[in-house]
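What follows is a short report on a single structure.
The values are calculated or read from the model by the stated rules, or taken from the named source; none is laboratory data. What you see is a predicted model; the values in this text were computed from it and never measured. When we count neighbours, we look across all protein chains shown, and the Cβ atoms used for this are built from the backbone with ideal geometry, even at glycine.
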Amino acid sequence: MWKTILRRILIMIPEIILLSILVFLLAKAMPGDPFTGSINPRSSAAQIQHLKELNGLYDPWYQQYWNWIVHLFHGDLGQSYQYHEAVSNLIGERAINTLWLSAFTMVLTYLIALPLGLYAGKHEGKLPDTVIRVYTYVTYCIPFFVILVIGLWIFGYVLNWFPTTGSVAPTAKGLGMLSSRFFHILLPGLLGALFGTVNIVQYMRSEVIDAKRSDYVRTARSKGVPEKDIYRHHIFRNSLLPIAAFGGYSITGLLNGSIFTETIFSYPGMGMLFIDSINYRDYTVITALVLLFGVMNLLGTLLSDIILGIVDPRIRIE
Amino acid sequence: MATNTKTADISAEELARLTAEAKKEAAPSSTKILWNEFKADRPALIALIIVVGFILFVMIAPLFINSEKMMTTDIMAYLTPPLQDNFLLGADANGRSIGLQLIVGSRNSIGIAIGLTLISSTFGIAWGLISGYFGGYIDWGMQRVYDFMMMLPMTMMIIVLVTIIDNYNSISLTFIFSIFYWMGTSRLIRSRTLAETKKDYVAASITSGTSSLKIIFKEIMPNISSLIIVDTTLSFAENIGVETGLSYLGFGLPPKTPSLGTLIANANDPNNITQYWWTWLPAAVEIIILCLSISYIGQVVSRAANSSQRRAE
């Protein structure tokens, strides 16, 4: 097992290096430079030139890349030109918001999906199974951003049940702040969970169907264990670990979705920061965010692979 | 030689009867199976007719629409509600007809989705087939490329690329999208190809010296064609969401070119989303209906591909 994990991590290193070069070059290729916004009518061409030289914008790309990497390892992601703040601080603030929203969505997704998958597997081929399959199918194939916009319209504007922008009410203090925060992630979290169950439901369902026919369940049945307990203690417990492994894979989806969720709900997280930075050409922030998202995708997959490797020895040998 | 004498013994009439019987018992062609499956499932047939009819309509109708005139600002028609002054679906804040934009926008969005599906599926299928058939170092290398692509934050990368490339149109946009959407298909095809390569007919072909290319594309690919058809149908439904989503964010088609996504982006204005619902809701409803119908068709296709699930006799 340790050998597999070590090998996986070794493979990761060139991938991260490649990603960082790619991200760096792409950011360099973006039109405009970070000073475009800060130039005022009085600044002369020479001054701008000097500013650019000072920031090393005329060095060859590999040298700039090397400087960037050295700073990166010192925890210095550079300054945001738009927000006049260290990128690491900026992202740190926003990351907490994204983390809350994503964690909430993920917990809700599991809470909805696990019982549904269990129930569908138990009643395989009967009416509940069909109803659940139709539900997962419908929610899966509608583009997520359309659901968010319609959800915002119905529950945010028409019914006025939920706040439509921000992460916390500006007047909230103390305990009220916590509940206000929760109130703000409730609608996007609920929508994300209700429309993101398909993978977990299907996986859980097939796990249950496989387990139903396995020897240990037959043994339990022949010993006279009540049907309810077979599902609760034997089948459900056994499928928990592989199901948990899905958490790592779903990080990719959550991060990708956060760009849409946060833009639509004007929720100040990393996704919205990314869109803002693109519009301001704030490329220190853009490179940091793309790199961060990439590394998180990688770690999520690694986590899932390790869990699955523990559960299923066949994967380890590969 | 024995077979020759035998055919001579059978009369022409008998031969015709036997042939008809054999045909009846032989497995029907895949088109036939698909058609029977649709006939057995009435709602699916309706969905198919709606989708095909709609796609044809939005492909042909824009030829008769003067898109330049459509996109000019007409301040007099500012936010006309539906069913007034010749505006069947009303007008947006620039006085442009929503109905016409919807037709042209559908053409653009569906066109890109079709192009994206064709390119990314072809590439993904080829990638999966080659990777799965050859195995070994080739497979290992190709899988590392796959891993790397999977790590990239897709939406972010597309947005960055679109910002870099100043002068893009729907064709270059389709290619940019295609870079990031072939992996799902390739993984699926690879795993099936791995299983298929272990079968006897492939081993027989290899020993008799058939070239690898021929085995891959003439022997293995037809055998997994049902999987390919199912996957392509489903990715088409998904791909509609790709372009519209990015256009919604403002990084797909340029704002001057109508797309279903830019139409939904009208909802970004708090006034539009509450009072002037006709500026964005029709496009949203259209996407939902379209995606639901296409994946419903996909369901039927996948049922037809799996003989144990077929509804038709």
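Points to keep in mind about this one:
- Filtered residues of the range A:118-128 (kept if touching a residue at least 12 places away in the same chain (Cβ under 8 Å) and of a type outside the set (A, V, I, L, M)): A:Y119, A:G121, A:K122, A:E124
- The range A:160-194: number of residues that are within 12 Å of chain B (Cβ to nearest Cβ) and either in contact with a Ser or Thr (Cβ under 7 Å, 6 or more places away or on another chain) or at pLDDT 85 or above (or both): 1
- Pick from the range B:112-138, criterion crowded, with 19+ Cβ neighbours inside 10 Å and among the small types (G, A, S), ranking: nearest to the chain's Cα centre (by Cα): B:A113
- Within the range A:152-177, the set of residues being under 21 Å from A:T261 (Cα atoms), aliphatic (A, V, I, L, M), free of Cβ contacts under 8 Å to residues at least 12 places away in the same chain and part of a helix (DSSP H, G or I) comprises A:I154, A:V158.
- The helices (runs of 4 or more DSSP H) found wholly in the range B:196-313 and carrying at least 2 residues that are among the β-branched types (V, I, T) and more than 10 Å from every other protein chain (Cβ to nearest Cβ) occupy B:200-207, B:225-249, B:281-305.
- Just one of the listed residues (A:I200, A:I259, A:I243, A:I185) is free of Cβ contacts under 8 Å to residues at least 60 places away in the same chain and in a helix (DSSP H, G or I), and it is A:I259.
- The single residue among A:V146, A:V134, A:V107 that is surrounded by fewer than 19 Cβ atoms within 10 Å (Cβ to Cβ), among the hydrophobic types (A, V, I, L, M, F, W, C) and within 14 Å of another protein chain (Cβ to nearest Cβ) turns out to be A:V134.
- Taken residue by residue, the range A:308-315 has no member that is basic (K, R) and surrounded by 20 or more Cβ atoms within 10 Å (Cβ to Cβ).
- Test: A:T301 is closer than 17 Å to B:I158 by Cβ, at the interface with chain B (Cβ under 10 Å from one of its Cβ atoms) and either free of Cβ contacts under 8 Å to residues at least 24 places away in the same chain or in a helix (DSSP H, G or I) (or both): no
- Those residues of the range B:39-62 which are over 20 Å from B:V104 (Cβ atoms) and loosely packed, with under 14 Cβ neighbours inside 10 Å, in sequence order: B:K39, B:R42, B:P43, B:I46, B:I49
- Summed over the range A:63-94, the residues that are surrounded by fewer than 18 Cβ atoms within 10 Å (Cβ to Cβ) and either β-branched (V, I, T) or part of a helix (DSSP H, G or I) (or both) give a count of 14.
Conditions tested, residue by residue: (1) at pLDDT 90 or above; (2) of a type in the set (V, I, T); (3) over 19 Å from A:T263 (Cα atoms).
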| residue | (1), (2), (3) |
| --- | --- |
| B:K218 | no, no, yes |
| B:M221 | no, no, yes |
| B:S226 | no, no, yes |
| B:I229 | no, yes, yes |
| B:E238 | no, no, yes |
| B:F251 | no, no, no |
| B:T262 | no, yes, no |
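- Single residue of A:I142, A:I154, A:I147 found to be more than 20 Å from the chain's Cα centre (by Cα), within 28 Å of B:T244 (Cα to Cα) and modelled with pLDDT of 85 or more: A:I154
- Of all residues in the range B:265-276, at least one satisfies being touching a helix residue (DSSP H, G or I) at 6+ places or on another chain (Cβ under 9 Å), more than 26 Å from B:S121 (Cβ to Cβ), hydrophobic (A, V, I, L, M, F, W, C) and modelled with pLDDT of 80 or more.
- From B:N167, B:N108, residue being without any contact (Cβ under 8 Å) to a residue 60 or more places away in the chain and either more than 14 Å from chain A (Cβ to nearest Cβ) or out of contact with any strand residue (DSSP E or B) (no Cβ under 7 Å at 6 or more places or on another chain) (or both): B:N167
- Sole exception among (1) out of contact with any Phe, Trp or Tyr (no Cβ under 6 Å at 6 or more places or on another chain); (2) within 14 Å of chain A (Cβ to nearest Cβ) for B:V162, by number: (1)
- Residue count for the range A:271-283, restricted to those that are in contact (Cβ under 8 Å) with a residue 24 or more places away in the chain, at the interface with chain B (Cβ under 10 Å from one of its Cβ atoms) and in a helix (DSSP H, G or I): 2
- Selection status of A:Y216, in contact (Cβ under 8 Å) with a residue 40 or more places away in the chain, assigned to a helix (DSSP H, G or I) and not hydrophobic (A, V, I, L, M, F, W, C): no
- Residue check for B:V145: under 21 Å from A:D305 (Cβ atoms) and within 14 Å of chain A (Cβ to nearest Cβ): yes
- You will find that of B:K214, B:K218, B:K198, the residue that is more than 21 Å from B:G136 (Cβ to Cβ) and basic (K, R) is B:K218 and no other.
- Qualifying residue in the range A:235-255 (condition: over 23 Å from A:G309 (Cα atoms), surrounded by 17 or more Cβ atoms within 10 Å (Cβ to Cβ), more than 14 Å from chain B (Cβ to nearest Cβ) and at pLDDT 85 or above): no
- Pair list, Cβ < 9 Å and 6+ apart or interchain, from the range A:64-75 residues that are over 11 Å from A:T287 (Cβ atoms) to residues that are surrounded by 15 or more Cβ atoms within 10 Å (Cβ to Cβ) and aliphatic (A, V, I, L, M): A:H71/A:L77
- Among the criteria (1) more than 14 Å from chain A (Cβ to nearest Cβ); (2) surrounded by fewer than 21 Cβ atoms within 10 Å (Cβ to Cβ), the one B:T174 does not fulfil is (2).
- Test: residue in the range B:293-304 that is surrounded by fewer than 20 Cβ atoms within 10 Å (Cβ to Cβ) and closer than 18 Å to A:F145 by Cα: no
- For A:A211, the criteria (1) under 30 Å from A:V146 (Cβ atoms); (2) buried (at least 17 other Cβ atoms within 10 Å of the Cβ); (3) among the small types (G, A, S); (4) modelled with pLDDT of 80 or more hold in every case but one, which is (1).
- Screening the candidates A:I13, A:I21 for the property of being at pLDDT 85 or above, β-branched (V, I, T) and surrounded by fewer than 11 Cβ atoms within 10 Å (Cβ to Cβ) yields one hit, A:I13.
- Residue in the range A:284-293 that is buried (at least 16 other Cβ atoms within 10 Å of the Cβ), more than 17 Å from the chain's Cα centre (by Cα), of a type outside the set (S, T, N, Q) and within 14 Å of chain B (Cβ to nearest Cβ) present: yes
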